[in-house]
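Novice: Structure provided below as structure tokens; questions to follow.
The values are calculated or read from the model by the stated rules, or taken from the named source; none is laboratory data. None of these values were measured; they are calculated from a predicted model. Positions of Cβ are generated from backbone atoms using ideal geometry, with glycine treated the same way; all protein chains shown enter the neighbour counts. The accessibility values were calculated without ligands, DNA or RNA, using every heavy atom of the protein model including side chains. Shrake-Rupley method; radii C 1.70, N 1.55, O 1.52, S 1.80 Å.
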Amino acid sequence: MPTQPTLTGDATDPTGSAGGTSGPPGVRSRERDRPARGPVRPGVFVKIALMAVVNALGVFGVLAAWREGHMGILAAMVALVVVADWVYFSRRTLPLKYILPGLAFLLVFQVYVVAYTGWVAFTNYGDGHNSTKEQAIEALLLQNERRVEGSATYPLTVVERGGALGFAIVEDGEAKVGTADDPLSEVRDATVDDDRVTEVPGATVLSRQEILRRQAEVTSLRVPVSDDPNDGWVRTQDARTGFLATPTLQWDPEADTMTDVTTGTVYKATSDGSFRNDEGQRLNVGWRVMVGFDNFRTAFGDERYAQPFVKILVWTFAFAILSVVTTFLLGLFLAITFNDTRVRGRRVYRTLLIFPYAIPSFLAALLWSGMLNRSYGFINQVLLGGAAVPWLTDPWLAKLSVLGVNLWLGFPYMFLICTGALQSLPGDVLEAAKVDGAGAWRTWRSVTLPLLLVATSPLLISSFAFNFNNFTLIYMLTRGGPRFADASVPLGHTDILISMVYSVSGLDGTAAKNYGLASALSIVIFVIVATISAITFKRTKQFEEIS
Amino acid sequence: MRRGIPAVAVTLGLALALTACGGSDDDNSGDATSATPGSGDSLVVWVDETRQAAVEVAAEAFENENDVDVELVVKNFEDIRTDFLAQVPTGEGPDLTVGAHDWLGELTTNGVVAPIELGDKAGDFIEVAVEAFTQDGQVYGLPYAIENIALIRNTALAAEAPSTWDAAVAAGQAAGTPYQVLIQTSAEGDPYTYYPLQTSFGAPVFVQNEDGTYTSELAMGGAPGQAFATWLQAQGAAGVLSTDVTYDIAVEAFKNGESPFIIGGPWMVDQFEGLDLSIDPVPSAGGEPAQPFVGVQGFYVSAQSDNALLANDFLVNYIATDEAQLALYEAGDRPPALASAAEEASADPITAGFLSVGEDAVPMPSIPEMGSVWAFWGVTEANIISGAAEPVAAWDKMIADIQSAIGS
């Protein structure tokens, strides 16, 4: 922007000249004082339009959160919109203009998820403790209201009398009308048409549309049949027919207890999120509460898990390390081979080698599990001439198969990064080695490999972390099997920690779900992976300094 | 849902992402806004792909008569249970969902499903269908289809239905096919398909009350269970049963005429086109009647539905009709649960065959304890068949493991 005089204060601002649409903030604040300035640049309008969209969406989000009653999200949305407006309209927030989108996504997709997992780890969220206390009480009352056995269904009309909703039913040819406070009583001059009340003096019959508009009121309406509450009440679920029902549980909000009307047993709300009686029996619907470190205690303290846990931990490390090592070595070998200009048709080979990478890994694992079937699999039938090798059902062979399939899946990635790294090696260094009289092996060991490792080791570490949690492969290939013969939990020889979490927490449907325990275990896994990554990165850094 | 984000206006995506996070499932943030509490003008129903068209038929009639929208949300059948459990408490779930009766225990334990009152309609259904959706005397779902397995026979290879397992194996040998009887097994076992054989040894999974409901007391231990285990091992050693036979392999082999018999359900029949089939009871292996599990498919009402009235009306007065039940039957190939519709569907001999086998069947337990059984049951059976485990000891250990899993 040569026409724009750079002011002294902005001379050091490296982005000053690249201000783009909005211009550097410092410049613009002073520009305004100069009335002779030309028309506003179009970029400003673009910015305003975009910010309008952002704000509109923000307001939409706020309203949606309000409607759904998610106050936390509402607060977060308001904060984000305010921050976004401040950042993009203020003149002092240049770096933030670039960082904010990334920062916001980090907050939403990383920090929020991690915090939420952390919170769940300290609750009893799972089967039987799925929702809030209000909902649990509501569900219990709903489940424990019984239709009186052998009672009839009544053709039912919804009426409004004196501002309150009521029901009009026909019993033995007589019309009866009642409201929540006013038990059913006979109405002589009501019009009954085809077994259904169509008109009641002193009350309006609600139309279908009105009923639908007030359906929550209608379904929660209970009209007692007499002054004695034990006789039950009439209720309806479709506003066409009514039936006689009595509750078996009564909720006392003052004492925070549920009373079983038929037996008189009192269930008290307890701190573990359920109603219990004195004998310790609990009602089946509970709610979520904080349980402190209980989940972590279960994860390590339950002796049924202790023994398999150690085996699985060892195998997880072996699996992750061996996977990285084997795929890296094969990828590197192929990369070196196809990097040699003497190989003809290198491009074709390279394209073919990427092939396993192009197939979704879960699909590939499924295919492999079919190919490794003992009696019908391609490997045994075609390649081994009908040998019944138990690839997936023998503990050691299953481990070998898992590693083999992961090698097949993983080497193209290593091949790609090694090829990239090899091609970016400075030619002069290799030249110098040659001049110094180093042979091919010596050059490779002392020059190529160290330089290559510097470039690829962060990727190797991330590959380790990925394989440490490579749930897809295990689940699709062996489902953790073959099962440990001596353990009393459904875990097997090829289970890794993450698939253990999946099965222990009941997410696979073989046990009662326990999200709290699952979260606690994933935090443990996170700590392990994070520690290892931190240590390795530190060592890589030293390595980098040496080279 | 992120398809409309201009790359520059990142906060736009952020706004959407944040609303989605509230629902802990971004697929359905759209539904959430349409199922506005109290709006009362739209009924949200979760269906899977096969049933979508059939439910639409019933929905159309309902929409015309009541001037309301029925919004069908198509989901994977496997995802429905988990999503329903997770979303109903947040108020973002549907008003209605399709589901299987054996989810019931989990749904009631978590308080996400509301009882429905079938009224006099209850008598119009096949008894076992309503029974399956009943817990503690309350009905929690409207059944629309029942399904059970049976012995599917290729009449070209075996002219008569075998009455015992040994007769079936003998008939298979006489037919000279590679397999005598096909049963899907796999390395994890398939206790559902093996259940009729197990019951023929007098070893049902749980003790049943007189009214057909299940207690949480295991009944498959002891001598009958051990006899079944020993039998499994013998069949495995003789090569009749094999853990290498997966569902795909079994169906493929039967389709190619490699066995006169396969134990399976109505969902397989589609693939056997061109074969002349007969549906017979599963032959007894242990002397007692072989009772398969009955699974019942139905619709559940959400406990947090703001449209409970509409939802119940739709189920009781529109889904519980011959027309809707037959449409669902056409879509899913499972016999209808409404007796009159089932009768009409019985014009097809295959359907009639499965229905008549189902008459002697027992509902699959829907008690929460059932969830702890599957993981041990199948693998133990598979290990016994493959010879990896000693039958009696393995069976006893399985019983102990299940008991400790239920207790924990």
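Novice: So for segment A:34-46 (the condition being at pLDDT below 90, exposed (fewer than 13 other Cβ atoms within 10 Å of the Cβ) and of a type in the set (G, A, S)), does at least one residue qualify?
Specialist: yes
Novice: Scan segment A:220-248 residue by residue and report those that are touching a Ser or Thr at 6+ places or on another chain (Cβ under 7 Å) and closer than 23 Å to A:E134 by Cβ.
Specialist: Residues satisfying the conditions are A:Q237, A:T248.
Novice: OK, next. Can you tell me which residue in segment B:338-350 is farthest from the other protein chains (Cβ to nearest Cβ), limited to those that are open to solvent by 10 Å² or more (accessible area, probe 1.4 Å) and in contact (Cβ under 8 Å) with a residue 60 or more places away in the chain? Give the derivation first.
Specialist: So the first thing to find is which residues in segment B:338-350 are open to solvent by 10 Å² or more (accessible area, probe 1.4 Å), and the list is B:339-340, B:343-344, B:346-350.
Subset that is in contact (Cβ under 8 Å) with a residue 60 or more places away in the chain: B:339-340, B:349-350.
On the way: B:A339: 19, B:S340: 19, B:P349: 32, B:I350: 28 Å.
Here the residue is B:P349.
Novice: If we keep just the residues of segment A:313-346 that are among the β-branched types (V, I, T) and modelled with pLDDT under 90, which is farthest from A:G420 (Cα to Cα)? Let's see the steps before the verdict.
Specialist: Start the filter on segment A:313-346 by keeping residues that are among the β-branched types (V, I, T), which leaves A:314, A:316, A:321, A:324-327, A:336-337, A:341, A:343.
With modelled with pLDDT under 90 added as a condition, the list becomes A:336-337, A:341, A:343.
Values: A:I336: 11, A:T337: 13, A:T341: 15, A:V343: 17 Å.
The extreme case among them is A:V343.
Novice: Residue under question is B:A32, and the condition is that it be open to solvent by less than 20 Å² (accessible area, probe 1.4 Å), modelled with pLDDT under 80, facing chain A (nearest Cβ under 8 Å) and within 24 Å of A:M71 (Cβ to Cβ); does it hold? It would help to see each step written out before you state the result.
Specialist: Details: open to solvent by less than 20 Å² (accessible area, probe 1.4 Å): yes; modelled with pLDDT under 80: yes; facing chain A (nearest Cβ under 8 Å): yes; within 24 Å of A:M71 (Cβ to Cβ): yes.
Judged against the criteria, B:A32 is a match.
Novice: Go through the residues of segment A:126-135 one by one and say whether even a single one is under 30 Å from A:D260 (Cα atoms), at the interface with another protein chain (Cβ under 8 Å from one of its Cβ atoms) and part of a helix (DSSP H, G or I).
Specialist: yes
Novice: Identify, from the list A:G102, A:G58, A:G43, A:G72, the residue that is more than 9 Å from chain B (Cβ to nearest Cβ) and assigned to a helix (DSSP H, G or I).
Specialist: Working: A:G102 fails: more than 9 Å from chain B (Cβ to nearest Cβ); A:G58 fails: more than 9 Å from chain B (Cβ to nearest Cβ); A:G72 fails: more than 9 Å from chain B (Cβ to nearest Cβ).
On inspection, the qualifying residue turns out to be A:G43.
Novice: Given the residues B:G353, B:G378, which is the only one that is within 14 Å of chain A (Cβ to nearest Cβ), closer than 30 Å to B:E49 by Cβ and surrounded by 19 or more Cβ atoms within 10 Å (Cβ to Cβ)? Reasoning before the result, please.
Specialist: Working: B:G353 fails: within 14 Å of chain A (Cβ to nearest Cβ).
Matching residue, one of B:G353, B:G378: B:G378.
Novice: Filtering segment B:76-100 down to residues that are assigned to a loop (DSSP other than H, G, I, E, B) and at pLDDT 90 or above, which residue is surrounded by the most Cβ atoms within 10 Å (Cβ to Cβ)?
Specialist: From segment B:76-100, those assigned to a loop (DSSP other than H, G, I, E, B) are B:76, B:91-95; that's our starting set.
Next cut, at pLDDT 90 or above only: B:94-95.
Numbers: B:P94: 29, B:D95: 25.
In this case the residue turns out to be B:P94.
Novice: For the subset of segment A:239-250 comprising residues that are under 24 Å from B:F314 (Cβ atoms) and out of contact with any Gly (no Cβ under 9 Å at 6 or more places or on another chain), which member is farthest from the other protein chains (Cβ to nearest Cβ)?
Specialist: Taking segment A:239-250 first, the residues under 24 Å from B:F314 (Cβ atoms) are A:239-245.
Then keep just the ones that are out of contact with any Gly (no Cβ under 9 Å at 6 or more places or on another chain); that gives A:239-240, A:242.
On the way: A:A239: 6, A:R240: 7, A:G242: 9 Å.
Here the answer is A:G242.
Novice: Which of the residues that make up segment B:102-126 are in a helix (DSSP H, G or I) and either over 20 Å from B:M364 (Cβ atoms) or more than 7 Å from chain A (Cβ to nearest Cβ) (or both)? Walk me through it before giving the result.
Specialist: Filtering segment B:102-126 for residues in a helix (DSSP H, G or I) gives B:102-109, B:119-124.
Matches in segment B:102-126: B:D102, B:W103, B:L104, B:G105, B:L107, B:G119, B:D120, B:K121, B:A122, B:G123, B:D124.
Novice: Taking the condition of being surrounded by fewer than 11 Cβ atoms within 10 Å (Cβ to Cβ) and in a helix (DSSP H, G or I), how many residues in segment A:325-350 meet it?
Specialist: Within segment A:325-350, residues that are surrounded by fewer than 11 Cβ atoms within 10 Å (Cβ to Cβ) and in a helix (DSSP H, G or I) number 2.
Novice: So if I check each of B:A129, B:A145, B:A158, which one is assigned to a helix (DSSP H, G or I), away from chain A (no Cβ under 14 Å) and in contact (Cβ under 8 Å) with a residue 12 or more places away in the chain? Before the answer, list the steps.
Specialist: Numbers: B:A145 fails: assigned to a helix (DSSP H, G or I); B:A158 fails: assigned to a helix (DSSP H, G or I).
Step by step, each of B:A129, B:A145, B:A158 is checked, and only B:A129 is assigned to a helix (DSSP H, G or I), away from chain A (no Cβ under 14 Å) and in contact (Cβ under 8 Å) with a residue 12 or more places away in the chain.
Novice: On the basis of being open to solvent by less than 60 Å² (accessible area, probe 1.4 Å), under 30 Å from A:V402 (Cα atoms) and in contact (Cβ under 8 Å) with a residue 12 or more places away in the chain, does A:T265 make the cut? It would help to see each step written out before you state the result.
Specialist: Numbers: open to solvent by less than 60 Å² (accessible area, probe 1.4 Å): yes; under 30 Å from A:V402 (Cα atoms): no; in contact (Cβ under 8 Å) with a residue 12 or more places away in the chain: yes.
No: the conditions fail for A:T265.
Novice: Need the failing condition index for B:D67 against (1) more than 8 Å from chain A (Cβ to nearest Cβ); (2) open to solvent by 10 Å² or more (accessible area, probe 1.4 Å); (3) at pLDDT below 85, just the number.
Specialist: (1)
Novice: Confirm whether A:G286 is over 39 Å from the mean Cα position of the chain (by Cα), in contact (Cβ under 8 Å) with a residue 24 or more places away in the chain and within 14 Å of chain B (Cβ to nearest Cβ). Don't jump to the end; show me each part of the working.
Specialist: Numbers: over 39 Å from the mean Cα position of the chain (by Cα): no; in contact (Cβ under 8 Å) with a residue 24 or more places away in the chain: yes; within 14 Å of chain B (Cβ to nearest Cβ): yes.
Spelling it out, it is not the case that A:G286 is over 39 Å from the mean Cα position of the chain (by Cα), in contact (Cβ under 8 Å) with a residue 24 or more places away in the chain and within 14 Å of chain B (Cβ to nearest Cβ).
Novice: Can you pull out every residue in segment B:306-334 that is open to solvent by less than 20 Å² (accessible area, probe 1.4 Å) and in a loop (DSSP other than H, G, I, E, B)?
Specialist: Once the filter is applied, which keeps residues that are open to solvent by less than 20 Å² (accessible area, probe 1.4 Å) and in a loop (DSSP other than H, G, I, E, B), segment B:306-334 yields B:N307, B:A320.
Novice: Continuing with this model, one more query. For residues that are surrounded by fewer than 19 Cβ atoms within 10 Å (Cβ to Cβ) and among the aromatic types (F, W, Y), scanning just segment A:490-542, find the one that is nearest to the chain's Cα centre (by Cα).
Specialist: Filtering first and then ranking leaves A:F526.
Novice: Also: Going through A:L107, A:L74, A:L57, A:L103 one at a time, which residue ends up being within 22 Å of the chain's Cα centre (by Cα) and farther than 30 Å from A:V291 by Cα? Before you say what the answer is, go through the steps one by one.
Specialist: Working: A:L107 fails: farther than 30 Å from A:V291 by Cα; A:L74 fails: farther than 30 Å from A:V291 by Cα; A:L57 fails: within 22 Å of the chain's Cα centre (by Cα).
After applying the criteria, what remains is A:L103.
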